[in-house]
Amino acid sequence: MKHLIDPTDLTRKETDEIIALALDIIANREKYRDCLKYHKLATLFYEPSTRTRLSFTAAMMELGGNVLGFSDAKNSSVSKGETVADTVRVVDKFADIIATRHSLEGAPYVASRFSRVPIINAGDGSHAHPTQTLTDLLTITRELGGIDGITIGFCGDLKFGRTVHSLIKALGGYKDIKVILIAPDELRLPDYIKHDVCDRQGINYREVKTIEEVIGELDVLYMTRVQKERFLDEEEFARVKDSFVLDPAKLEGAKKKMAILHPLPRVNEITQEVDQDPRAAYFRQVENGKFVRMALIYSLIKWKDDPTHAMPEHEEYFTDVTLHCHNSKCISTHEDVKPLFHHTDEGLVRCVYCDAIVSK
Ligand code: NCD
């Protein structure tokens, strides 16, 4: 069975298949209208969401299926203290596939270890957001004709922005990608993405301080919101919240065919004047999200009993009772889950659930 917890759970071939299916769905909407009739998607959203949850709902409905679930953990047994593992072992009796969002990192991974139906991670803390990644890949494909060889600038909150982390991971599967990181010091990309992802997969990256100095090089400008809810320190948030604002003046010198992406919601990091620019792709990106989720739901249900679509094996994962994850946002520090770790290339140890560095 295949779950989608991290973008690397999909091989490049599977990702290509899902993107190709999404393009076919766009071209032949009628053909897919009833293909998941009598199937049910459960959406377990423990963290606020508008577009992701509605996008999953609309996707399932357009495939002829039904949707059940909750959009607020307060309305579920979680408020009585139920664990993620137990909730999923209940819900998998009612649904053919589950999409879940959680503020604790690693929660969807825990769900996948207990579920007998495919689990889709719809965002876990600052960690990962693989369905936004598929949305982004489809959008880049439609806007620019392909992904290999692009130069992409990520701007804003690269520290807490899970959409950025996941997209960079996925770009490791493409050829000749150049990544330019545009962020204030406080919001720089976490080291594990730079070292374990970029260095390891040969993604060429560099860090700069302004949009203006690189705008002419970019094929894609990926803007992000500063993630207020993830800051532990309010003063730090106040210092960085207005770091980067994209306006028409900053776009001077940009390529004519550049695409401006944003996972949304936007706060103030793109002015409304930019919306009129033909390169502003973020509302088209929202619709691509629905098409790619249709393709994903359909594929995961179809692949469920196909051994050629299994999860990657991770023989390198190990347990060690003397090690503890100290990330307060990790599921392993909140629920009784089996501690799991892996070694990095530099000989450090990371928590499998949240990727934080672990110590004794
Ligand atoms: C993003 C998310 O939830 O991480 N939004 C989304 O899924 N469309 C980005 C954000 O919240 O800033």
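The values are calculated or read from the model by the stated rules, or taken from the named source; none is laboratory data. If you're wondering where the values come from, they're calculated on a predicted model, not measured in any experiment. Neighbour counts run over all protein chains shown; Cβ positions are idealised from the backbone, glycine included. Note: accessible area is taken over every heavy atom of the protein model, side chains too, but ligands, DNA and RNA are not part of it. Shrake-Rupley method; radii C 1.70, N 1.55, O 1.52, S 1.80 Å.
With a probe of 1.4 Å, find how much accessible area region 163-256 has per residue, and write the answer as a whole number in Å².
On the way: 4540 Å² over 94 residues.
Here the residues of region 163-256 average 48 Å² of exposed surface.
Distance between the 7 Å Cα→Cβ label points at His334 and Glu313: 3.3 nm. If I model the chain as equal point scatterers sitting on the Cα atoms and use the Debye formula, what is log10 I(q)/I(0) at q = 0.06, 0.10 Å⁻¹? Result of the Debye calculation: -0.21, -0.60. Over region 203-247, the hull volume per residue, using the convex hull of the C-alpha atoms, is 119 Å³. Placing a pseudo-label 7 Å from each Cα along the Cα-to-Cβ vector at Gln276 and His326 gives an inter-label distance of 5.3 nm.
Applying a threshold of 18 Å to the alpha-carbon distances of Lys159/Lys257; Lys13/Lys40; Lys209/Lys250; Lys178/Lys241; Lys40/Lys74 flags Lys159/Lys257; Lys13/Lys40; Lys178/Lys241; Lys40/Lys74 as lying beyond it. Modelled spin-label separation between Lys360 and Arg89, with each label point placed 7 Å from Cα along the Cα-to-Cβ direction: 3.4 nm. Candidate cross-link partners of Lys302 among the aspartates and glutamates, defined by an alpha-carbon separation under 18 Å and a same-chain spacing of 8 or more, comprise Asp9, Glu14, Asp16, Glu17, Asp24, Asp34, Glu62, Asp92, Asp96.
Rule-of-thumb check for region 131-283: C-alpha Rg over 2.2 N^0.38 Å?
0.97
Provide, for q = 0.15 Å⁻¹, the log10 of I(q)/I(0) from a solvent-free Debye sum over equal Cα point scatterers in region 164-249. These q points yield log10 I(q)/I(0) values of -0.63.
Could you give the Stokes-Einstein D for region 315-360 in µm² per second, using the C-alpha Kirkwood radius, 25 °C, 0.890 mPa s? Write out the running numbers ahead of the final one.
Numbers: Rh = 10.5 Å.
For the chosen part, D equals 233 µm²/s.
Restricted to Cα atoms, region 1-46 shows a radius of gyration and a Dmax of 13.3, 34 angstrom.
Segment Glu30..Lys302, full-extension length gain: 96.0 nm, with 0.36 nm per residue of separation and the alpha-carbon distance subtracted. Listed by chain and number, the lysines whose C-alpha is less than 21 Å from the C-alpha of Lys80, apart from same-chain residues fewer than 8 away, are Lys93, Lys329.
Of the residues Cys330, Cys35, Cys198, the one that moves most in a GNM of the chain with alpha-carbon contacts below 10 Å is Cys35. Among the cysteines of the chain, Cys35, Cys155, Cys198 have no other cysteine beta carbon within less than 4.7 Å of their own. Identify which of Gly123, Gly289, Gly253 has the largest mean-square fluctuation in a Gaussian network model of the chain, with springs joining Cα atoms closer than 10 Å. Greatest mean-square fluctuation among the candidates belongs to Gly253. Here the Gaussian network model covers the chain, with springs between Cα atoms less than 10 Å apart; of Phe318, Phe291, Phe45, Phe318 fluctuates the most. What Kirkwood radius, in Å to one decimal, follows from the Cα pairs of region 227-325? Hydrodynamic radius (Kirkwood, Cα pairs) of region 227-325 is 18.4 Å.
Binning all Cα-Cα separations of region 26-163 at 5 Å, short to long from zero, yields these whole-percent fractions: 2, 9, 17, 20, 19, 14, 10, 6, 2, 0, 0.
The calculated P(r) of region 92-156, using every Cα pair and 10 Å bins from 0, goes 19, 37, 27, 16, 1 in percent.
Here the contact order of the chain, divided by its residue count and restricted to Cα pairs under 8 Å and six or more residues apart, works out to 19 percent.
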